[in-house]
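The values are calculated or read from the model by the stated rules, or taken from the named source; none is laboratory data. Since the model is a prediction, treat every value here as computed from it, not as a measurement. Cβ: placed from backbone, ideal geometry, glycine included. Neighbour counts: every protein chain shown. Side chains included, ligands, DNA and RNA excluded: accessible areas come from the protein's heavy atoms. Shrake-Rupley method; radii C 1.70, N 1.55, O 1.52, S 1.80 Å.
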Amino acid sequence: MAQQLLDIIRQRRSIRRYSSEVLDPLEVSTILEAGLRAPSSRGAHTTQFILVEDPEHLEALSYMRAEGAAFLREVPLAVIVLGSPMECESWMADASLAAGYMQLQCEALGLGSCWAAVYGQYTANGQDCSEYVRQLLHIPYQLEVLCALAIGHKAEELEPHKSDSLRWEQIHIGYYPSLEADSSAQGNGETPSTQA
(Lines give C-alpha, C1' and ligand atoms only; values in the text may rest on other atoms or scores of the structure.)
Protein backbone atom coordinates (compact mmCIF):
# COMPACT_ATOMS: atom_id res chain seq x y z
CA MET A 1 0.00 0.00 0.00
CA ALA A 2 2.82 2.42 0.88
CA GLN A 3 4.43 1.82 -2.51
CA GLN A 4 1.09 2.39 -4.25
CA LEU A 5 0.78 5.80 -2.59
CA LEU A 6 4.34 6.74 -3.50
CA ASP A 7 3.66 5.71 -7.10
CA ILE A 8 0.68 8.08 -7.19
CA ILE A 9 2.82 10.87 -5.74
CA ARG A 10 5.49 10.22 -8.37
CA GLN A 11 2.99 10.20 -11.22
CA ARG A 12 1.10 13.35 -10.21
CA ARG A 13 1.91 16.33 -12.42
CA SER A 14 0.21 19.68 -12.88
CA ILE A 15 -2.01 19.25 -15.94
CA ARG A 16 -2.94 22.32 -17.98
CA ARG A 17 -4.64 20.70 -20.98
CA TYR A 18 -7.96 18.89 -20.59
CA SER A 19 -10.42 16.99 -22.77
CA SER A 20 -14.12 17.87 -22.95
CA GLU A 21 -15.11 14.56 -21.31
CA VAL A 22 -17.62 14.98 -18.49
CA LEU A 23 -16.63 13.95 -14.97
CA ASP A 24 -18.42 11.07 -13.27
CA PRO A 25 -20.36 12.35 -10.21
CA LEU A 26 -18.99 9.46 -8.15
CA GLU A 27 -15.44 10.52 -9.02
CA VAL A 28 -16.22 14.08 -7.94
CA SER A 29 -17.68 12.82 -4.67
CA THR A 30 -14.58 10.71 -4.04
CA ILE A 31 -12.30 13.70 -4.66
CA LEU A 32 -14.30 15.86 -2.26
CA GLU A 33 -14.24 13.14 0.40
CA ALA A 34 -10.45 13.14 0.16
CA GLY A 35 -10.47 16.89 0.85
CA LEU A 36 -12.83 16.53 3.77
CA ARG A 37 -10.67 13.78 5.28
CA ALA A 38 -7.45 15.81 5.14
CA PRO A 39 -5.70 16.58 8.45
CA SER A 40 -6.93 19.70 10.21
CA SER A 41 -5.56 21.71 13.12
CA ARG A 42 -7.24 20.53 16.35
CA GLY A 43 -9.74 18.62 14.22
CA ALA A 44 -11.53 21.87 13.40
CA HIS A 45 -12.14 21.09 9.71
CA THR A 46 -13.08 24.65 8.78
CA THR A 47 -12.02 24.41 5.11
CA GLN A 48 -14.90 24.93 2.68
CA PHE A 49 -15.23 24.26 -1.04
CA ILE A 50 -17.16 25.78 -3.95
CA LEU A 51 -17.70 23.60 -7.03
CA VAL A 52 -17.75 25.68 -10.21
CA GLU A 53 -19.09 23.99 -13.35
CA ASP A 54 -20.77 26.88 -15.16
CA PRO A 55 -18.74 27.63 -18.33
CA GLU A 56 -19.19 31.39 -17.95
CA HIS A 57 -17.86 31.32 -14.40
CA LEU A 58 -14.95 29.09 -15.43
CA GLU A 59 -14.15 31.52 -18.22
CA ALA A 60 -14.24 34.41 -15.72
CA LEU A 61 -11.99 32.50 -13.31
CA SER A 62 -9.42 32.04 -16.08
CA TYR A 63 -8.87 35.83 -15.92
CA MET A 64 -8.49 35.99 -12.13
CA ARG A 65 -4.71 36.31 -12.49
CA ALA A 66 -2.43 38.17 -14.87
CA GLU A 67 -1.15 34.75 -15.96
CA GLY A 68 -1.24 31.15 -14.77
CA ALA A 69 -4.99 30.49 -14.74
CA ALA A 70 -5.96 30.25 -18.42
CA PHE A 71 -6.42 26.46 -18.17
CA LEU A 72 -9.50 26.99 -15.97
CA ARG A 73 -11.57 27.73 -19.06
CA GLU A 74 -10.83 24.22 -20.38
CA VAL A 75 -11.94 22.16 -17.40
CA PRO A 76 -15.38 20.77 -16.54
CA LEU A 77 -14.83 21.55 -12.85
CA ALA A 78 -12.94 23.98 -10.67
CA VAL A 79 -12.96 23.61 -6.90
CA ILE A 80 -12.44 26.85 -5.00
CA VAL A 81 -10.75 26.12 -1.67
CA LEU A 82 -11.67 28.44 1.19
CA GLY A 83 -10.21 28.92 4.67
CA SER A 84 -11.70 30.52 7.77
CA PRO A 85 -9.17 32.70 9.68
CA MET A 86 -11.80 33.63 12.30
CA GLU A 87 -12.27 29.98 13.20
CA CYS A 88 -8.76 28.64 12.76
CA GLU A 89 -5.41 30.44 12.81
CA SER A 90 -3.95 27.55 10.77
CA TRP A 91 -6.53 27.99 8.01
CA MET A 92 -3.93 28.20 5.24
CA ALA A 93 -2.19 24.96 6.26
CA ASP A 94 -5.53 23.17 6.62
CA ALA A 95 -6.82 24.37 3.25
CA SER A 96 -3.51 23.50 1.56
CA LEU A 97 -3.61 19.96 2.95
CA ALA A 98 -7.19 19.53 1.73
CA ALA A 99 -6.24 20.75 -1.75
CA GLY A 100 -3.22 18.46 -1.87
CA TYR A 101 -5.27 15.44 -0.80
CA MET A 102 -7.78 16.16 -3.56
CA GLN A 103 -5.01 16.41 -6.15
CA LEU A 104 -3.61 13.03 -5.11
CA GLN A 105 -7.09 11.52 -5.29
CA CYS A 106 -7.47 12.95 -8.80
CA GLU A 107 -4.29 11.18 -9.84
CA ALA A 108 -5.45 7.93 -8.22
CA LEU A 109 -8.59 8.14 -10.38
CA GLY A 110 -6.57 8.83 -13.53
CA LEU A 111 -7.73 12.45 -13.66
CA GLY A 112 -5.68 15.60 -14.07
CA SER A 113 -5.56 18.57 -11.72
CA CYS A 114 -3.73 21.86 -11.39
CA TRP A 115 -3.49 24.34 -8.53
CA ALA A 116 -4.12 27.97 -9.46
CA ALA A 117 -3.09 30.18 -6.56
CA VAL A 118 -5.52 32.92 -5.53
CA TYR A 119 -4.32 34.19 -2.15
CA GLY A 120 -1.67 36.88 -2.58
CA GLN A 121 -2.12 37.10 -6.36
CA TYR A 122 -3.42 39.90 -8.62
CA THR A 123 -5.39 40.27 -11.83
CA ALA A 124 -3.93 41.83 -14.96
CA ASN A 125 -5.32 45.24 -13.94
CA GLY A 126 -3.94 45.01 -10.40
CA GLN A 127 -7.08 43.92 -8.55
CA ASP A 128 -6.58 41.58 -5.62
CA CYS A 129 -7.26 38.09 -6.95
CA SER A 130 -9.12 37.04 -3.80
CA GLU A 131 -11.45 40.01 -4.15
CA TYR A 132 -12.08 39.19 -7.81
CA VAL A 133 -13.10 35.61 -6.95
CA ARG A 134 -15.04 36.78 -3.90
CA GLN A 135 -17.20 39.11 -5.99
CA LEU A 136 -17.70 36.54 -8.75
CA LEU A 137 -18.87 33.76 -6.42
CA HIS A 138 -20.44 35.81 -3.59
CA ILE A 139 -17.98 34.58 -0.96
CA PRO A 140 -18.45 36.16 2.51
CA TYR A 141 -15.62 38.27 3.89
CA GLN A 142 -14.95 36.03 6.88
CA LEU A 143 -13.57 33.42 4.47
CA GLU A 144 -10.27 33.62 2.58
CA VAL A 145 -9.78 32.17 -0.91
CA LEU A 146 -6.66 30.00 -1.05
CA CYS A 147 -6.74 28.54 -4.55
CA ALA A 148 -8.75 27.12 -7.42
CA LEU A 149 -8.18 23.48 -8.36
CA ALA A 150 -8.76 22.63 -12.01
CA ILE A 151 -10.03 19.05 -12.34
CA GLY A 152 -10.76 17.07 -15.49
CA HIS A 153 -9.73 14.31 -17.88
CA LYS A 154 -6.18 14.76 -19.14
CA ALA A 155 -5.52 15.86 -22.70
CA GLU A 156 -1.79 15.51 -22.08
CA GLU A 157 0.41 13.00 -20.27
CA LEU A 158 3.52 14.25 -18.53
CA GLU A 159 6.37 12.01 -17.43
CA PRO A 160 7.12 11.86 -13.69
CA HIS A 161 10.01 14.03 -12.58
CA LYS A 162 13.27 12.09 -12.70
CA SER A 163 14.59 10.76 -9.40
CA ASP A 164 17.91 12.52 -9.92
CA SER A 165 16.08 15.87 -9.93
CA LEU A 166 15.09 15.44 -6.26
CA ARG A 167 16.96 17.89 -4.03
CA TRP A 168 18.17 15.53 -1.32
CA GLU A 169 20.71 18.20 -0.31
CA GLN A 170 17.81 20.18 1.16
CA ILE A 171 17.30 17.53 3.84
CA HIS A 172 19.31 18.12 7.03
CA ILE A 173 19.81 15.76 9.97
CA GLY A 174 19.44 17.02 13.51
CA TYR A 175 20.07 20.70 12.84
CA TYR A 176 20.49 23.20 10.00
CA PRO A 177 24.14 23.40 8.92
CA SER A 178 25.82 26.62 9.99
CA LEU A 179 27.17 28.64 7.08
CA GLU A 180 29.47 30.50 9.48
CA ALA A 181 30.91 27.23 10.76
CA ASP A 182 31.50 26.01 7.20
CA SER A 183 33.16 29.31 6.23
CA SER A 184 35.37 29.17 9.31
CA ALA A 185 36.37 25.60 8.54
CA GLN A 186 37.31 26.57 4.99
CA GLY A 187 39.40 29.49 6.33
CA ASN A 188 41.31 27.08 8.57
CA GLY A 189 41.90 24.69 5.72
CA GLU A 190 39.45 22.20 7.19
CA THR A 191 36.81 20.29 5.29
CA PRO A 192 33.35 21.84 5.87
CA SER A 193 30.65 19.75 7.48
CA THR A 194 28.81 17.60 4.94
CA GLN A 195 26.02 16.68 7.26
CA ALA A 196 22.83 17.16 5.24
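What distance in nm lies between label points placed 7 Å from Cα along the C-beta direction at His45 and Tyr63?
My value for the distance between the label points is 3.8 nm.
Using a 7 Å offset from Cα along Cα-Cβ at Glu156, what residues in the stretch 93-120 end up with backbone N under 14 Å from the label point?
Once the point is set 7 Å along Cα→Cβ of Glu156, 112-115 turn out to lie under 14 Å by backbone N, inside the stretch 93-120.
Once you order the gyration tensor axes a ≥ b ≥ c over the Cα atoms, which shape class does the chain get: rounded for a/c under 1.5, otherwise prolate or oblate by comparing a/b with b/c? List each step's numbers first, then the result.
On the way: a/c = 1.93, a/b = 1.60, b/c = 1.20.
Verdict is prolate for the chain.
Can you list the HN-Hα couplings for the stretch 133-140, worked out from phi with the Karplus curve (6.51, -1.76, 1.60; θ = phi - 60°), rounded to whole Hz and with x for Gly and Pro?
In residue order, the calculated couplings are 5, 4, 5, 5, 10, 6, 7, x Hz.
In the stretch 71-116, carbon and sulfur make up what percent of the accessible area (probe 1.4 Å)?
Solvent-exposed carbon and sulfur of the stretch 71-116 make up 54 percent of the total.
Given the peptides 135-145, 106-116, 160-170, 84-94, arrange them by the average over their residues of other C-beta atoms within 10 Å, most packed first.
Top to bottom by mean Cβ count within 10 Å: 106-116, 84-94, 135-145, 160-170.
With the full set of protein chains in place, find how many percent of the accessible area of the stretch 1-54 is carbon and sulfur; take the probe as 1.4 Å.
With neighbouring chains kept in place, the figure for the stretch 1-54 is 52 percent.
At what distance in nm do the modelled label points of Ala93 and Ile9 sit from each other, each positioned 7 Å from its Cα along Cα→Cβ?
Once both label points are built, they end up 1.8 nm from each other.
Do you know the relative contact order of the chain, to the nearest whole percent, from alpha carbon pairs under 8 angstrom that are 6+ apart?
This gives 27 percent for the chain.
Would you compute, from DSSP H runs of 4+ residues alone, the mean residue ellipticity of the chain at 222 nm, taking -39500 (n - 2.57) per run and dividing by the full residue count, rounded to the nearest 500?
It lands at -10000 deg cm²/dmol.
Can you tell me the accessible area per residue over the chain, all protein chains present, probe 1.4 angstrom, in square angstrom?
Per residue, the chain has 61 Å² of solvent-accessible surface.
Show me 52-64, 17-29 ranked by packing, highest mean number of other Cβ atoms within 10 Å first.
Top of the packing list down: 52-64, 17-29.
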